[in-house]
1. Can you list the residues, at least 5 places off or on another chain, whose amide H is less than 5 Å from the amide H of Tyr29, using H built in the peptide plane?
2. So, in nm, how far is label Glu125 from label Ile98 when the simple model puts each one 7 Å beyond its Cα toward the Cβ?
3. Whole angstrom only: what separates the Cα centroid of the stretch 14-58 from the Cα centroid of the stretch 91-110?
4. If r is the Cβ-Cβ distance from Glu44 to Asn74 and R0 is 25 Å, what FRET efficiency results, to the nearest 0.05?
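What follows is calculated from the coordinates using simple rules that are stated; it is not laboratory data. Treat the numbers as computed from the prediction; the structure is a model and nothing was measured. Every residue, glycine as well, gets a Cβ built from its backbone with ideal geometry; the counts of neighbours run over all protein chains shown.
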Amino acid sequence: MAAVDRVGKKSGRSAYALTDVSGNTYHYYENPLWRAVVFILLQELCERLAFFGLTPNLQAFLKEYLGLEDAEANSYISTFTSIMFVTPLLSAVISDTILGAYRTILIWSFVYFSGLCLLVAATVESISEPWM
């Protein structure tokens with residue numbers, strides 16, 4: 001790396017441009033992770049609120065809306081909780097080997113949100129009857 005020159009300020013962060021001997025320019029920012037950290041913390045907050053808001057009401061939903069027996073509803077809740085606590089192991093492997101941390105968090109967030117949307121759609125009686 002030959003020359004270091006200050007490019008300027010962009011949204012409160014200073015950017016540095018480094019040019020190597022081949023003429024390639026690389027841009028580096030001071031404190032680049034603040035945006036990512038804020039996104040991850042907000043996403044985790046929303047996910048925890050959704051999980052702890054959903055879990056206590058899941059048995060009543062399964063029994064009243066879907067008409068399941070007590071044992072069957074408990075079985076579904078246990079399976080749901082087990083999957084929720086095992087998927088971080090799967091996502092850690094995917095994150096470390098294939099996608100990287102941020103893409104993995106983004107993809108699993110969409111999967112989780114899609115599941116919540118399907119659960120909400122199941123409560124609408126006019127559309128839940130034919131496909132349940």
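1. Result for Tyr29 returns Tyr16.
2. 4.2
3. 13
4. 0.35
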